[in-house]
Amino acid sequence: MKSNRRSTHPAPESGIARLVAVSNRLPIALRKVGGKWQIQPGGGGLVTAISPVLRHRGGLWIGWSGTTEEVNWETELDGASLSAGYTLVPVTLTHDEAENFYLGFANQIIWPLFHDLQTRCNFEPIFWRYYLQVNNKYASVIASHSQPSDFIWVHDYHLMTIAQSLRALGIERKTGFFLHIPFPPVDIFFRLPWRAQILQALLEFDILGFQTLRDRRNFIQCLQYLSPSLKTSGHGAVLTVNIAGRSVRIGSFPISIDFDEFAVHSASREVESRVRWLKESMLGSQIVLGVDRLDYTKGLPERLNAFRLALQNHPDIRRRLTFVQVVVPSRTDVLEYQALKAEVEQLVGEINGEFTTAGWVPIHYIFRNLQRDELLAYYRTAQVALVTPVKDGMNLVAKEYCACHLDDDGVLILSEFAGAAAELQRGALLVNPYDVEGVAQAIYKAFSLSADEKRARMRRLRDSIKKRDIYYWVDSYLKAALSKKLHDFPMVEDYVPPILLRTEI
Ligand code: ADQ
């Protein structure tokens, strides 16, 4: 199997920087149908955030395709690169690497630990050895596909030791890292057997980005715990630490969405007609919406219990509202996720069994990837969004919901443990997702707010998301990393606005 291939977007003259995004997965999902590979767009928050940026400016995206099977990359991926507007460069993983690096270190150690769920961690030593091995592998692919003027932008917790691997290979590049998930407080992070190695490896990047000030503070406290004399300088969103003769910038950059694209698309004829159809089929009942990947960090059982309590405590809302919970399949081959799915389905069954009456089913449960038009129609139609993760780096669903509420209607109920709460607290109804009674009350309150208050809250939410959209995010990161903005990177010649490319790749 070949993993190295030529770029379809050749490197521009040297001296001009390109963006080289690196993440665990490429923004595609491969599926074998009838012996042939099919390429579909990938999902999740990282893809939603980074795709519009690269589509705008070209460049490379390096990552794993998600399969350990043989794929003929030359024929399968070239088409995908062309329609994406940037080049996809696959990293290939063996079965053992996928098991120990991805399912092991990333999913059984870092994901639960960084979401404060340390009792779910499996600190298996072999996972760490594979983590280092796979990070080295990514570094080799970066080395053979990038040039010294490129900016290597590494995303997320799977790839925290890449800058160290590049240095070990003697490759000098400007490197940046962005952590999409939270960074835990010191007493949780220090349970990690490889805590010192991870902190040291992260300091090999030129810039480290976190979602919120809280995450950045946690990280700096961990550094100071290991090296008490370490000092930071600067103020505001980006600080500097000087360590071993190098200076590393450490910033908080709350990630966002392509606000205008969501707003324009949600006003399209296709979405409008779905909205009309949805409203008719709800027979006057209002929609409370949840949209989440299947994950134990998203607080799904707690949310369902809160909805049940709202129906028990406030019989007047029965029939007047319907809870639509969309769950996007994720990590479905992992036992823990299968158990969560079973738990969610049992709760949905119990609640529907208890409250359904002729012509009204309280919970509509959707377990699949929705088409984008369909997702946006749900966002637009829902009077209330319930976004109640027990912990989340940011949560883009909260922002997408608001971007689609063109008429400034709709109420956002948001967990105080989502990174988004820092920016959206003035417009959202904030809740503690573990406080089932508090969430039930917030659901009831959302329905009793006056139209004026709803509008004022939604306007505040939309204004703040529009002002700090995904382009603002990338510009602030690049400015801190390189004193550059997105527009300083070469433009793709035949740039097509993202809305036209939406369903491709
Ligand atoms: P995720 O945990 O994947 O992201 P989130 O930020 O909510 O969480 O993003 C989910 C994305 O999937 C959204 O863009 C949404 O539109 C999309 N999606 C959801 N349901 C869908 C459906 N049914 N069909 C199609 N698409 C769907 C991680 C972190 C987050 C952080 C992001 C970005 O865990 O905290 O916000 O990265 O940094």
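Of note:
- Stokes-Einstein diffusion coefficient of the chain, Kirkwood radius over Cα pairs, 25 °C, 0.890 mPa s, in µm²/s: 104
- Taking 20 Å as the straight-line reach from the Cα of K36, the aspartates and glutamates in range (excluding those fewer than 8 positions away in the same chain) are E69, E70, E74, E76, D78, E504.
- Neighbour-limited loop hits for chymotrypsin sites (Phe, Trp or Tyr not before Pro), segment 254-305 (at most 14 other Cβ within 10 Å; DSSP other than H, G, I, E, B): none
- Partners for K298 among lysines (Cα-Cα distance below 28 Å; same-chain residues under 8 apart left out): K279, K341, K391, K399, K445, K454, K466, K467
- Coil-residue trypsin sites (Lys or Arg not before Pro) of segment 412-474, DSSP, other Cβ within 10 Å capped at 15: R426
- Shape index of segment 259-467: Rg/Rh, with Rg the Cα radius of gyration and Rh the Kirkwood radius from the inverse mean 1/r over Cα pairs, equals 0.93.
- Neighbour cut-off at most 14 other Cβ (10 Å), DSSP loop, GluC sites (Glu not before Pro), segment 69-155: E69, E70
- Sorted by Cβ density within 10 Å, fewest first, the residues D150, D373: D373, D150
- Each peptide in 334-344, 159-169, 213-223 receives the mean, over its residues, of other Cβ atoms within 10 Å, and ordering these scores from highest gives 159-169, 213-223, 334-344.
- For Y102, Y86, Y472, order by how many other beta-carbon atoms lie within 10 Å, fewest first: Y472, Y102, Y86
- Each residue in H314, H405 was given a count of other beta-carbon atoms within 10 angstrom of its own, and listing them fewest first yields H314, H405.
Read-outs: derived from the displayed coordinates by stated rules, not from any lab. Keep in mind the model is a prediction, meaning the values are calculated, not measured. Cβ: placed from backbone, ideal geometry, glycine included. Neighbour counts: every protein chain shown.
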